[in-house]
Amino acid sequence: MNAKIDHTGGCHCGAVRFRFQAPAHVQVQRCNCSICSMTGYEHLIVAGRDFELLSGEDALTTYTFNTGVARHRFCSICGIKSFYVPRSNPDGYSVSLRCVTPGTIEHVDYEDFDGQNWEAAGHTLAHLSA
């Protein structure tokens, strides 16, 4: 069964905390684009309706580049990007698997995503925030 359950997470210092719903068995994208390959970001994409920022809006700073569609949200205190609004899914959020509180994710299926060729591959992620 693919029932959604509650998960929580946040940044390193704890200023930013969030909750989201996703199955216990998740699909995560490993991207080779310039920013993801430098940071080791692992994408767990969820629908906007399944994500809630619990605290830390005032601690977040936003970084954009290239098309400016993706809104990379970093904690201004510790510098961690625990989630962001991805270009592929502007109606959803990409949660960093590494920032999810341990205990609720039971299994991870990894999928490689060719972010270096985003224009050709970006459409393959659109269904993840539906």
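Side notes on the structure shown:
- Residue list for segment 81-105, restricted to those being farther than 15 Å from residue 8 by Cβ and touching a residue at least 24 places away in the same chain (Cβ under 8 Å): 81, 86, 87, 88, 89, 91, 92, 94
- Options 76, 94, 55, 82; residue that is touching a Pro at 6+ places or on another chain (Cβ under 8 Å), of a type in the set (Gly, Ala, Ser) and under 18 Å from residue 16 (Cα atoms): 94
- The set of residues in segment 92-109 being surrounded by 18 or more Cβ atoms within 10 Å (Cβ to Cβ) and either in a loop (DSSP other than H, G, I, E, B) or of a type in the set (Lys, Arg) (or both) consists of 105 alone.
- Count of residues meeting criterion [surrounded by fewer than 17 Cβ atoms within 10 Å (Cβ to Cβ), within 23 Å of residue 108 (Cβ to Cβ), touching a strand residue (DSSP E or B) at 6+ places or on another chain (Cβ under 7 Å) and of a type in the set (Gly, Ala, Ser)] in segment 38-62: 1
- So residue 89, is it under 22 Å from residue 127 (Cα atoms) and surrounded by fewer than 16 Cβ atoms within 10 Å (Cβ to Cβ): no
- Of 77, 35, all but one fail to be surrounded by 12 or more Cβ atoms within 10 Å (Cβ to Cβ), farther than 24 Å from residue 2 by Cα, out of contact with any Ser or Thr (no Cβ under 8 Å at 6 or more places or on another chain) and free of Cβ contacts under 8 Å to residues at least 60 places away in the same chain; the exception is 35.
- Residue check for residue 49: touching an Asp or Glu at 6+ places or on another chain (Cβ under 8 Å), without any contact (Cβ under 8 Å) to a residue 40 or more places away in the chain and not acidic (Asp, Glu): no
- Selected residue (criterion: surrounded by the most Cβ atoms within 10 Å (Cβ to Cβ)) from residues of segment 1-13 that are within 17 Å of the chain's Cα centre (by Cα) and over 20 Å from residue 129 (Cβ atoms): 11
- Within segment 58-73, being more than 25 Å from residue 23 (Cα to Cα), within 15 Å of the chain's Cα centre (by Cα) and assigned to a strand (DSSP E or B) holds for 60, 62, 63.
Throughout, read-outs are computed from the coordinates displayed, never taken from laboratory work. Small disclaimer: the values here were computed from a predicted structure and weren't measured. Here Cβ is always computed from backbone atoms with ideal geometry, including for glycine, and neighbour counts include all displayed protein chains.
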